[in-house]
Every structure is written in structure tokens, then in C-alpha cells.
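The values are calculated or read from the model by the stated rules, or taken from the named source; none is laboratory data. As the structure is a computational prediction, the values presented were derived from the model and not from experiment. Cβ placement follows ideal geometry from the backbone for every residue including glycine, while neighbour counts extend to all protein chains displayed. The protein model used for the area step is the full one, side chains on, heavy atoms only, and it has no ligands, DNA or RNA in it. Shrake-Rupley method; radii C 1.70, N 1.55, O 1.52, S 1.80 Å.
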Amino acid sequence: MDELTREFLIESQEGLDRMERCLTELESRPDDTALLADIFRSVHTIKGTTGFLGFKRLEKLAHAGENLLGLLRDGKLVAKPHIITGLLELLDGLRSILSNIEADGGEVDVEDAELIARLEELQEPDEEPQPEELSAALTSTQVQNPLLMAMAQEQKQAVVQKKATAEAVARPRPVPQAAPASGSEPAKGAAAVTTATSAAESTLRVDVALLNRMMNLVGELVLTRNQVLQATAADSKMTLLTRRLDMVTADLRESVMKARMQPVSNIFSKMPRIVRDVSQLLGRKVRLEMNGQETELDKSLLEAIKDPLTHAVRNSLDHGIEPPEVRVAAGKNAEGTLKLRAGQQGSHVIVEVSDDGAGISAEKVRKKAIERGLITLEAAAQLPDRELLNLIFLPGFSTATAVTSVSGRGVGMDVVKTNVEKIGGEVEIESRLGKGTTLRLRIPLTLAIIPALIVRSLDKSFAVPQGALSELVHLSTEQAVEAIEWIENAPLYRLRGQLLPLVFLDRMLMADTRGQSREVGDIFVAVLDADGRRYGLVVDGLADPEEIVVKPLSHVLKDIGLYSGATVLGNGDLALILDPGAIAARAGVAMRAEEQIKMGDAVVEAEEAQGNEYLLVEVAGRRAAVRLADVLRIEQVSASRVEYIGVRPVLHFDGQLLAVEDAGGILAEARGEMQVIVVVCREAGRQIGVAVSHVLDVAAGSDLIEAGTAQAASGVTLLKDRVTGIVDLGSVSMLPLPEAASEACVENAQ
Amino acid sequence: MSTAANSLRSCKKETAVEMAEVCSIHLGDGLYGLPISHILEIVGDTKPETVPLAPAFVGGLVHYRGDVLTTVNARQLLGMPPLEGKVPDLLVVESANGCFGLIVDSVREVLTVSQEDFEPNPSTIHERSKAFFAGTYKLKDRLMVMLDPARIDPLELARAN
């Protein structure tokens, strides 16, 4: 295929994508001339170029479409649903010819007479198809025509489906469906279209391989810069130059990373069409709302979630949103809502598909899972409802009573889960019976760069992906001797009353396992949670967490089975990236008994560790919550270490002063060597300690709506089904204490 | 054995034009060679990062132009004791499976050798070593043993183990 044709193909496909978006929008705004003009332009461009390249079949079809679109644009015809359906058919026809050209370098020599005739028919004003005729056609969806016969198998299937929807839309009382967006969206959409055309001229297509190479080289540059900075640190003449180099490098790195990012709208924009087609096929009334399309994601990741997302949307339409009559009977609006949401949360992008449909019945899931032999009767009886839902991710699970063409063949949710996990993402499902279902995909921002904790062992640095890390425990030599207990040769540590198996990294990495003593020195325990295996990884030291660039390892080293890659640290050293799951498996850490069946719970737990999470504490007999994101660490200190500035308790650590909030009077009561627990929190650039009696748990909180308002009540959250107050860190006064503030503090304490 | 035959052939192909360029390498007391066409770069002064639990022939990891390369320790391969008192040199070698590093005592000049001086492996050398050698060039004053890039590739070595 020559360069010209390839370019034509890419351009035409982009044009058709735009046309598809416009067509679905057109349904809600049939009079929008700007939209019509845009669609016309897409088809016209194809027609123009194709004549030049000599694709006769394509030209003919595009010409027929252009005629129809011309009438619409000039206002001689109104874009009624059956015309839009015809245009969508045109779109599919054009697409299939394009893919033929792409595959074979030329058109397949068949006539699109039927489609062209249909398009011409539509040009007749007020030509409304006979209802009876069409509903008859609807019952036999296997419509055959020469065009379909000639097409490749999968295309054929797709078009048959389109055919079916085409008939569906022209039923006696066609219902306008699938409005593409919420309130403000139409205006925004129109504006976006105009800017898009001018933007097209200032953009350039770049090979992804080239971008990958650039990314690699920039990584290299960053390292060289680091070395230059170190080497010239003493030379004052170089300071200005190196600082400049530093800045330019940082900017360059950011730009290259940005170049790989694409907005989620690239896949979201395909959804209105899918929703329209599927909902018509199934007789559902659905309104699609999309939010956060501008959220950006690495191109490779975007590709990877396209299929899972499409699947999730189809699933929602098929199993989630009920037929209109069922909805009305249940007292709901006949029109269901499907929401697509994307947004960034820390180093992850969250993509949510939620519907206000029937929800998933835990009881049904339980029955089905037992029926399919996926779980034993006893195990099923013990599973809480929330965990039962995760069973739908097991291969071969489907709750649909009838197999439909849309979904229900028992493949699906497991594929969604595997695909998302393949790229390091996670899937979570939430469902309330009768209220709806939310499927949440959590995708890492890029594949190449992950946050990691750098640990030291065997005098080497290793990187541990932060995603698997739940907490860190420091044990001094004396503490370690006491705190680590042994059952035969298995070291264990009591973490808040629960036994945590320990894995000594150095011992695991030494080939010679004989003569290993139980002696331990000053150690750190990284509590890891990998695929439901929870254990403590014992290391000699910690370094600052870093965002690391993941470099693949050669097969020889990958086969060792403990490393998932390597990285170059900021100081230029190489570090191996540990695979927490593989280490657990090697050390024989089993999944907790219940976790073996509840699959995917680890996902939920990991999820909990980051989202709307709270540390549940008890302060003088009352429960209180601290936002987990604010918690830096938990210190256990003897009461004698607490000192006072005025009435204000403070602690000092390595020359740093920490103000301690003691609203519960815990410090005031503690004497001598009594141990007190201080939760060290981050608040607006400073650190604050909160004295608590006990640390109870970490749990997900949910917002409470203040009665009579639509606003979430501030300062409280629903934690483990109890209303719990959130500790307001902002109100803790600054150090040094002004007179007035310290008085207020006394009042607080009382 | 097909890979050996192949690499031998590829080696011959280079020498088919009468002359070939060979990078000479010192390992212990021996002189070895690698066809220059397989060498991407010669990097001095590197300290490979060791990899716990890796096969013995792996000399560690090195950072090379944005990639992390697995290295092969040539001394270990040929059954020599570890090098002492000197920072080894690193050759970046290209093979069918990608790139890898080869750690050698030192890299010397590039020699132009004649195909006429080439001889296949003598039958008497140790089987173990023979696997890594592609043949020998008879230089004026000594012999230069050619290393076979395809056979010292870490992936091949792992397979052979």
C-alpha cells in the first residue's frame, strides 16, 4: 500500500469517527446545521479523495450519502430517526469498504446497490416506511443481502445488528434515545467541533515507537543530569548552567510524557453509538451521561481498556437497566441513566460505568455460583453480600436467564477483569438491589512510571511498588527480638493483634539457606498485600519513595521469578523491582482461607487503602475518624517523652517538634512509662500528632447527606454503619502558640 | 546444533571478503576475539549491579542508553577465577535476542584478520569451552580464539544450562 492510500485511510477513519459522534448528537438536535455541515464535510472529503485515488465503489457510496446529506444541510429534509439510521448504515458501509482497502489494498468488487437505493429513497420527502412491514422484518434479524454476503464474517455480524436496529428505530412509535450528554454538553460539543477542525492543522501524527524511544532517551538524560549535578556541585561557576540544565530536562521529560497521553474521550466518544444501538436492540430507554472526558491516559493503556469498557457498557444495558415497563412498575423513571465517568485520583485514573438499573441480586449470584460449581454451598453461605458480588468476575459466570446477542454467554466480566489487571489496573463492583450497579476500573496513569518504596537489603536497593504496600513498621533491635515470634522456622509478627507472617528479604535472596540464624537487628517491616496474600517483608532500611521508570528485564532474570523489572534510581544506582505476589508465593504465604474463594477481594482491600478511607480510632471511649490520606505514621511512645509548651503537649523527634492534639485528655492521664499512641498526620504543610487510646481499624467511609439538603454533611462520615466524627486537623493551632490559642486549647481539653 | 552452524556460517560470511575486523579481548592470559559487526559499543569503567539468585554466568545488570542490560561474565563462562585489582571493561553485544553486555578483563585494538588464517575449533579443546568458540585466527605471534556471539547470549546460556 502506498503512503498516499495509508494517509487517506487514517484521515477517512478519523472523519468517520467524527461523523459517528455527530450523528448520535444529531438525534437530540436534528436542526443543528453546524452538526449537519460537519457530517457533510466528512463524507464529502472521502468522496473527493477517493475519486482521486480511484476507489470507485467507495466513491459511489459516498456520493449517494452526500446527496442525502446535502438535502439535510440545506434544510430540505429533517433528520428524522429513520434518516439517521440510514446515515449510520452509510457510515458502516463506508467503514467496511475502508477496512477492505486496508486489508487487501483494494476494494472488493461488489455493488452497494441496496444501500445506495435506500439512501436515495430517504431523499424523498416524508417517505415514512410502513410500520407493519418493518416490524415483520424485525422478527427475522438475519436479513440477507449481497452487500452483507460479501463482507468478512465479523463485519457481517456487525451489520446484521445494525440492520436490526435500523428496523427497531422505525417501529410505529420511535422513541428518541441516547441523548449524548448532560445539560451543558451540547453547547460545549458544538464549540469543540469548531476548535477541532482548526486544531487538526496544528497537529502531527507520530509513530508510537518513536515516542517510546524518546521516553527512554529522556530517562537517560535525567540520569546524566543527576550525575552532572553531583559532579559539579562544588563548582560555583557551573551552578547557573546546571540549574538551567536541570529545569530544561524536567520540562522536556514532562512534555514527552504528555505527548503519549490521550484524552479518555477517544474511547468515550464511541459509547453514544453503542448505547444507542444496544438499547434499541433490547428495547431499553437509556440516557447516557459522560463526565471527565478530558482526563488523560497513556495511549497504550487507553487501548487496553477500550474493550473492557465497551463490555461493561453493554452489560449495564443488558443486565442492569430494565425495560421501560419494568422500570415504571418499580416506580422509576422509564428512562434509565447510564453514567460514564473518568477522573484522576492520585497516580490512578478511575473510570466508572454506573447505571440506575436493577442492581445485582446477591441471592441470585449465590445460587448461580453454586449451580455452576464455582463455589461450595458452605462457602457461599459464609460469604457476605459484598464479597458475593465479586464472584461475577469468575470465568463462566453469567446471571442472565436468557442468552442474548448482547451479552450473557458467560464470558464478559472475567475478561473485563483480566484485561484491566493485565495493565496493572483493578476492577471493583458495587451494587444495590433495585438501585443500580457501579463498575469501577482503576488504571495506573502510565505503565512506565510507578511510585515505589525503595528498600535496602543485602546492601542493595530494591523497589517495592507502592500499590502493594499497606503500612510500614519500624522495629529497633530490642523491639525486634521481642516482637518477632517463631513457630518452628516461620517468623511472625503481631500486627494489631493479628499474626502477620514475615518474609526476610535478605534470606530469601541468598542462594545458600543453610546456617541462617534467627538474629535480627534494627529492621523495617513493609506490610504488603499482594493478591490477597498479606505478609510483612523484612528489610534493613528504607530510602525515600520515588517515582520509578520501569525497565523490562531479560528473560533470564525474569525467570528467577521474584523481580518484575529494574529501574534506575535518582542517584544513578540500578535497583531491581520486587514482585510482591511472587515473593509471597515463593515464601509460601497462602491466601487467607476465605480469600481463596472470594477472589478479587484483594482488589477491594487495596482500593480501600487509597480512596475515601479513614483510620478509625478510639479517643477516651469515643470513636473518631482520621482521613487515611492525612495519616503519615502511627507512633507508640512512652508518656514520659511527652513535653509541654505551656499547656500544649509536644513531642520531639530527631530535632523536629510535633504539636500533639489531646482533646481526649489521654496524655494528661498517662503517667511515666505508660505507652501512648500518637497518630502523626499531615495538615496543610505541617505535621500534627493526635493522641488516641486505640487504633481500631481502617475502613471506607461514606458521605452522609444532611437531612433536607442535598449536601454532604461536613465533619462526619458513615464508618462501619456508625456515624463517626472526623478529626478536624485544621483547627489544631500552630506552634509557637499565641496566648489566646493556648487558652482555647485548654478549653478544648476540658 | 543448528545455531552453532548458523553462527559459524555468519562468521564465515564476514570473512568471505578475505579480511574481517575483529575486536580483540583479554581474558586472563588468553587473547579472544569478537566480530566487530556484533559490537554496539565498548564501555569502560562500569560496575554491574549484581542480581541475587541469578544464574552464575550473569555478571549483573548495567544501565545502557535508557535500557537495563543483562551482562555475561566471560571469566565465569570460561571457568576462570574472578578478576582482581582492576575494573573490568564492558562490551555491548548485539545478538538475535537483542543486546547483552559482556564483561571482560580489557578490550584491546581492533584487528584486521585474513580469512586464510582462520581455522575451526581443534578437536582437542574442552567440550565446555568449545561450545562458546567459533574458531581460531592464527596471528603472527599467537592465537586469537573467536567467541561466538550467538552462543554466549544469556538466553542461550540459560537454555543450555
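What the table below lists for this structure:
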quantity	calculated
Unique match (being in the same structural domain as A:Asn291 (by TED's automatic domain parsing), assigned to a loop (DSSP other than H, G, I, E, B) and either modelled with pLDDT under 85 or farther than 13 Å from A:Ala312 by Cβ (or both)) among A:Ile375, A:Ile392	A:Ile375
Any pair with Cβ under 8 angstrom, 6 or more apart, that starts in the stretch A:62-79 at a residue that is under 23 Å from A:Gln13 (Cβ atoms) and ends at one that is hydroxyl-bearing (Ser, Thr, Tyr) and open to solvent by 20 Å² or more (accessible area, probe 1.4 Å)	A:Arg73/A:Thr33
Members of the stretch A:207-252 that are within 14 Å of chain B (Cβ to nearest Cβ) and either among the basic types (Lys, Arg) or not in a helix (DSSP H, G or I) (or both)	A:Arg213, A:Arg225
Filter pass, A:Ser702 being of a type outside the set (D, E, K, R) and either modelled with pLDDT of 80 or more or touching a helix residue (DSSP H, G or I) at 6+ places or on another chain (Cβ under 7 Å) (or both)	no
Residue ID - surrounded by the most Cβ atoms within 10 Å (Cβ to Cβ), chosen from residues in the stretch B:111-161 that are in contact with a Lys or Arg (Cβ under 7 Å, 6 or more places away or on another chain) and in a loop (DSSP other than H, G, I, E, B)	B:Phe132
Some residue of the stretch A:224-242 being modelled with pLDDT under 80, of a type outside the set (Val, Ile, Thr) and open to solvent by less than 50 Å² (accessible area, probe 1.4 Å)	yes
Test: residue in the stretch B:84-104 that is within 14 Å of the chain's Cα centre (by Cα), over 30 Å from A:Gly219 (Cβ atoms), away from chain A (no Cβ under 14 Å) and in contact (Cβ under 8 Å) with a residue 40 or more places away in the chain	no
Some residue of the stretch A:301-314 being of a type in the set (S, T, N, Q), out of contact with any Pro (no Cβ under 7 Å at 6 or more places or on another chain) and either without any contact (Cβ under 8 Å) to a residue 40 or more places away in the chain or not assigned by TED's automatic domain parsing to the domain that holds A:Ala358 (or both)	no
Residue count, the stretch A:450-475 (criterion: open to solvent by 30 Å² or more (accessible area, probe 1.4 Å), more than 25 Å from the chain's Cα centre (by Cα) and not basic (Lys, Arg))	4
Residues of the stretch A:496-521 satisfying the condition of being at pLDDT 85 or above, away from every other protein chain (no Cβ under 13 Å) and either open to solvent by less than 70 Å² (accessible area, probe 1.4 Å) or in a loop (DSSP other than H, G, I, E, B) (or both)	A:Leu500, A:Pro501, A:Leu502, A:Val503
Residue selected from the stretch A:198-223 under the condition within 30 Å of A:Arg41 (Cβ to Cβ) and open to solvent by less than 50 Å² (accessible area, probe 1.4 Å), by the criterion modelled with the highest pLDDT	A:Leu211
The stretch A:275-306: number of residues that are under 23 Å from A:Asp355 (Cβ atoms), assigned to a strand (DSSP E or B) and open to solvent by 50 Å² or more (accessible area, probe 1.4 Å)	2
Top-ranked residue of the stretch B:26-66 - restricted to ones that are facing another protein chain (nearest Cβ under 9 Å), on the phi > 0 side of the Ramachandran plot and surrounded by fewer than 17 Cβ atoms within 10 Å (Cβ to Cβ), ranked as modelled with the highest pLDDT	B:Leu53
Matching residues in the stretch A:307-334 - criterion: being part of a loop (DSSP other than H, G, I, E, B) and over 18 Å from A:Arg273 (Cβ atoms)	A:Glu322, A:Pro323, A:Ala330, A:Gly331, A:Lys332, A:Asn333, A:Ala334
Per-region count, the stretch A:243-273, residues open to solvent by 30 Å² or more (accessible area, probe 1.4 Å) and under 27 Å from A:Val351 (Cβ atoms)	13
Yes/no for B:Val51 being hydrophobic (A, V, I, L, M, F, W, C), within 13 Å of the chain's Cα centre (by Cα) and within 26 Å of A:Glu220 (Cα to Cα)	no
Helices (runs of 4 or more DSSP H) within the stretch A:529-622 that include 3 or more residues away from chain B (no Cβ under 14 Å), at pLDDT below 70 and surrounded by 19 or more Cβ atoms within 10 Å (Cβ to Cβ)	A:601-608
